[in-house]
Amino acid sequence: QVQLVESGGGLVQPGGSLSLSCAASGITFMISNMGWYHQAPGKQRELVAAITRTGTTNYADAVKGRFTISRDNAKNTVWLQMNSLKPEDTAVYYCHANSFGADYWGQGTQVTVSS
């Protein structure tokens with residue numbers, strides 16, 4: 001059974017930082033492409049950042065220079081470091097894995113940026 005378990009969300013003031021983590025099990029992590037998506041109320045889920053199995057990264061324009069995605073294949077974990085957070089970053093953040101062509105999602109973690 002595939003499980004993606006996110007942690008690290010919460011409430012932070014504008015300009016602050018948060019680090020999200022996603023622990024994966026039930027997949028061959030080292031050959032999986034991983035990513036983080038977010039979904040704000042009333043909006044579609046959209047890509048925030050992605051990292052391939054070889055470590056190539058891709059970011060949404062809105063987060064370039066502020067967010068960093070990384071992975072540790074030995075720990076089956078992917079992280080999203082979020083700096084200089086803005087109110088518009090407020091959303092539920094989902095971990096995503098693509099393994100052998102199949103898509104898997106975590107349950108989501110809420111990130112709220114507010115003063």
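Observations on the model:
- Residue pairs whose Cβ atoms lie under 6 Å apart, sitting 6 or more positions apart in sequence or on different chains, and linking a residue in the range 16-44 that is farther than 15 Å from residue 55 by Cβ to a partner that is of a type in the set (Val, Ile, Thr) and assigned to a loop (DSSP other than H, G, I, E, B), are 26/2; 27/2.
- Selection status of residue 85, at pLDDT 95 or above, in a strand (DSSP E or B) and in contact with a Leu (Cβ under 8 Å, 6 or more places away or on another chain): no
- Subset of the range 58-75 that is closer than 16 Å to residue 20 by Cα, touching a strand residue (DSSP E or B) at 6+ places or on another chain (Cβ under 6 Å) and of a type outside the set (Val, Ile, Thr) - its residue that is least open to solvent (accessible area, probe 1.4 Å): 67
- Subset of the range 91-115 that is part of a loop (DSSP other than H, G, I, E, B) and out of contact with any strand residue (DSSP E or B) (no Cβ under 8 Å at 6 or more places or on another chain) - its residue that is farthest from residue 37 (Cα to Cα): 115
- Qualifying positions in the range 76-103 - within 15 Å of residue 4 (Cα to Cα) and open to solvent by 70 Å² or more (accessible area, probe 1.4 Å): 79, 103
- Of the set (1) surrounded by 19 or more Cβ atoms within 10 Å (Cβ to Cβ); (2) out of contact with any strand residue (DSSP E or B) (no Cβ under 8 Å at 6 or more places or on another chain), all apply to residue 6 but (2).
The values are calculated or read from the model by the stated rules, or taken from the named source; none is laboratory data. On a predicted model such as this, the values are computed, not experimentally measured, just so you know. Because the Cβ atoms are built from the backbone with ideal geometry, glycine has one as well, and the counts that use them run over all protein chains shown. With ligands, DNA and RNA removed, areas are computed over all heavy atoms of the protein, side chains included. Shrake-Rupley method; radii C 1.70, N 1.55, O 1.52, S 1.80 Å.
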